[in-house]
Every structure is written in structure tokens, then in C-alpha cells.
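Let me begin by presenting the structure, written as C-alpha cells, before commenting on it.
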Amino acid sequence: MSPNAESTAFRSALEVIRAVEPRVADAIGAELADQRGSLKLIASENYASPATLLAMGNWFSDKYAEGTVGRRFYAGCQNVDTVEALAAEHARELFGAAHAYVQPHSGIDANLVAFWAILADRVESPALRKAQVRQVNELTEADWFALRRELGDQRMLGMSLDAGGHLTHGFRPNISGKMFDQRSYGTDPTTGLIDYDRVAEAAREFRPLILVAGYSAYPRKVNFRIMREIADSVGATFMVDMAHFAGLVAGKVFTGDFDPVPHAHIVTTTTHKSLRGPRGGMVLCGPELADQVDRGCPMVLGGPLPHVMAAKAVALAEARRPDFADYASRIVTNAQALADGLLRRGAKLVTGGTDNHLVLIDVSGYGLTGRQAEQALLDSGIVTNRNAVPQDPNGAWYTSGIRVGTPALTTRGLGTVEMDATAELIHTVLSQTTPGANADGTPSKAKYVLDPALADKVSRQAGELLTGFPLYPAVDLG
Ligand SMILES: *Cc1c(COP(=O)(O)O)cnc(C)c1O
């Protein structure tokens, strides 16, 4: 590759866009500048490689390709077949999975495909066999209505939102909570950890069709071997949503009992979080569910995004290189350094630390709500997001937590020394911020008081921390 290839590629792309709508070109340039200048600790974000980004900006976007490789509803999909097959092959090899479906447009879409495939396999197929037809559309209307009544309730047991689970794991207002009768498991109130005996008890009582493991805000590893035993004990399908920690699975940080792939019937993920690929989702499964999963489009999803599948193939090829394992282990070392730095300065952390890429700070220890802490940190050049803590007294909007994660800063090359400096900046801001009051004098859950001079100083220090670690160093927009 020529030394200026990346700069030339992005400069030319912006020049072409600028000729049509300069404000879009300006916004794209401004986004790079903002990302370069911010200390990004959002646990679900990362920086995809230039090759991954460039694979998305082309004519693959113009192609319809419903169906899957070799079974398309549209003609002329030979090149889409090439990239979809490549992405699936890299995914299977990387994760040791029998089957990979790389079409889901996002993590939520991957979960919907998984739910649909499980329902089709576990509920509909046996009923159709009984009725001696292959597909529901072969039933008369009357038989179909009778069948639907007979199928009855379907149940899901997943981790509760406030314990770190995801909306799609059965949260009542979410589509998953409407598709399924749901119950959730939480964490132990004293340790903050998943109590597997309690999960087993809930499974025995509730007898779910699907047991879901996986999280967005749980700072510990999960024993998937035990979870599978629990699922087996009640005949449930065991699904793992590894959206957040797929990079740690890919990089062999989570192995044995902590690798979901050998233990789950079906695994879903995003591709853009710790895995560092393009925005998108993916489903991995064994041969039993493969045919159903492959019907995700058009049964659940709109047409696949071939340009994003091309980028998934590129990113997954990157994740198969030895240096990705090194990256994944540095994500965790950095998260632990950040946790240690915060603890040493007196912060209160959910579960008292981390085994993965994220740390959940209980900011009630600073007398703040998550919302106040998030804004005060943002004023100080530190980008985080607020998050509920288990049994959060401030609910899901104001919250009592701040979630911080290390995948993005680790991509930039920051290490444990910088994580300790980051802990110092976070602690400084949070310990110097005080809750504000409403106009009538009552305490506010949103307003806060932080000396602007301190916020400026921390902003400058955060900027200095980043100067040795340029983002997209080979991209110069001029
Ligand atoms: C982020 C996340 C999702 C959703 O991913 P999207 O790509 O935003 O749809 C699903 N499940 C978990 C556990 C997540 O953390």
C-alpha cells in the first residue's frame, strides 16, 4: 500500500461529496475532528479500521440480495455471494461456530432473527408436523387460527435491565417483552454478581422456552457452561447475546466456560462494539437452527446490506490476525487499570471491579445522579454514558451509574498508565461536582454545579492524554 493511500482515499471521497452537498462533507470532517479530540469511554463504541470503513462506501449498496448465498430471490448476486460467504467463513473460523449468518443490520436485528428462528424451530415446526403440512401458509385460515390458539404462551428468562441486561432480553416495553411472557434474573444485592442458583430456581419455576445470557452493563464474565446446564435442566434453548464482549471472545480472552460459542444453542452479536467492525449484527449457531436462521431475510429483516457485509468480511479478517488477541487482552488490562485507579481514589464500583471491558461507577458515592455525572464529565472532555445500577433508586432515566469502557481508547493505543491518569480525571470531576437545585429550591436530579475553570482544565488534560495516541494516524484530511 502506498504511504498516502488512506489520506488520498478519504480526501477524494470528501471532495466528491462536497461537490453535491458541502454541508455533509463538512459534518463528516467535523466528526473525525471531534472523535480525535475526545476521550471516548463509551463501552459500546470503537474505531473501525480505514479498510473496514472504505469497504462500505461503494456500489454494493445498490444491490438487492434477499435470501442467502446460493438461494437468492434476486438475480445477479454473484459478487454479493462472494462477500457474504467470506464474512460467514471468517466468522465461523474466528469463533469456532458451525454456522454464521452475517446479514443482521444491527444487534437488535440479530436478536429478532434468533427469537424468530427459535420460535419457528421449537414451537411452529412440531405443530406443523402434527398438522402434516410443511409451512403455515399451507393451512386453512380456520386451522391457522386454531393452531395459533393452541401454541399458547412462550416464555423468556433473561437478565434484568437494571442488572445490566439488554432491552431485547424481555424488557416489558420492548418488542421482546411483547413477543414473550418474560421474567428476569438479577444480581446478588451484596456482591453484584449473577447468582446461578437463583437463575436455576427461576428457570425451574418459570420453565422458559428461551434462557438468555449476555449484557450491556455487567462488568464480570459469565459462566456459560453453568447457564447451559440450567437451560438443559428445563429444556430451554440457551441463547447468548455477546454484543458487548464479542471482541473478547474473538481475542480468546474469554475461553472455556466463559466462551459462549461451545455452550449456547445460538449466539447473537453486534459487529461494531469490542469486535471493532462496521455497524451491524451477526448470528452464530449449530446445524440444528441454521436453516431457520438463514431465513432471517426476508422473514424478519429487510434486504441485506451487501456493502456492510463486505466490511464485516474485512473486519473479521482483521480479528483473525494474531494482533487482535493482543488488542483484546489489552482492553481488559486497561479496564482493570481504570477500575483500580478509581477504587484507589475512593470511587464505588458495582461488583468492586471488572473482568471485562467495562466498569460501572456507582456515582451515588459522589452524591450525584448518573445524569449529573455524565454531563459534568462531558463538560470536562470525557465522553461516557449514564447507566442504571442494580436496584437503582433513580430509575433508568436519571440513574445512579456511569458506565465506562476501554475498547475505543485501547484501539488508539492508550495503556495502563493513561488509564490511571483517566481515573484521576474522572475522580477529580466527580468529586468536585455538586448536585444543583430547581428554581423552587428542591434538589434536582439533572442540574449540577461544576466550576467551569476546572472543567476547562480537565478538558485540556484529557486532550494532552490523547496527543501521543493519534486516531487514524494515516488519515490526513488536509
Ligand atoms: C448494543 C447491544 C444490542 C443492540 O445492538 P444494536 O446494534 O444497537 O441494535 C443488543 N444486545 C446487547 C447486549 C447490546 O449491548
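The values are calculated or read from the model by the stated rules, or taken from the named source; none is laboratory data. This one's a predicted model, so the numbers in the text were calculated from it and none came from an experiment. Neighbour counts are summed over all protein chains in view; Cβ atoms, including those assigned to glycine, are modelled from backbone coordinates with ideal geometry. Note: areas computed on protein heavy atoms with side chains; ligands, DNA, RNA excluded. Shrake-Rupley method; radii C 1.70, N 1.55, O 1.52, S 1.80 Å.
Quick notes on this structure:
- Take each peptide in 436-443, 116-123, 205-212, count the other Cβ atoms within 10 Å of every residue, and average; sorted highest first, the result is 205-212, 116-123, 436-443.
- The chain - share of DSSP beta bridges that are antiparallel (%, nearest 5): 60 percent
- The figure for residue 179 is an accessible area of roughly 70 square angstrom, using a 1.4 Å probe on the protein chains alone.
- Relative contact order of segment 59-319, taken over Cα pairs closer than 8 Å and 6 or more residues apart, is 29 percent.
- When each of the peptides 89-99, 448-458 is scored by the mean number of other C-beta atoms lying within 10 Å of its residues, the order from highest to lowest reads 89-99, 448-458.
- Kyte-Doolittle mean at least -0.5 and Cα axial length at least 27 Å: DSSP H helices in the chain: 322-344
- The chain - percent of accessible surface contributed by carbon and sulfur, probe 1.4 Å: 53 percent
- Note that the chain, at 4 °C in a medium of 1.567 mPa s, gets a Stokes-Einstein diffusion coefficient of 54 µm²/s from its Kirkwood radius over C-alpha pairs.
- Heavy-atom accessible area order for 197, 162, 26, largest first, 1.4 Å probe: 197, 26, 162
- Residue 416-residue 183 pseudo-label distance in nm [points 7 Å out on the Cα-to-Cβ vector]: 4.4 nm
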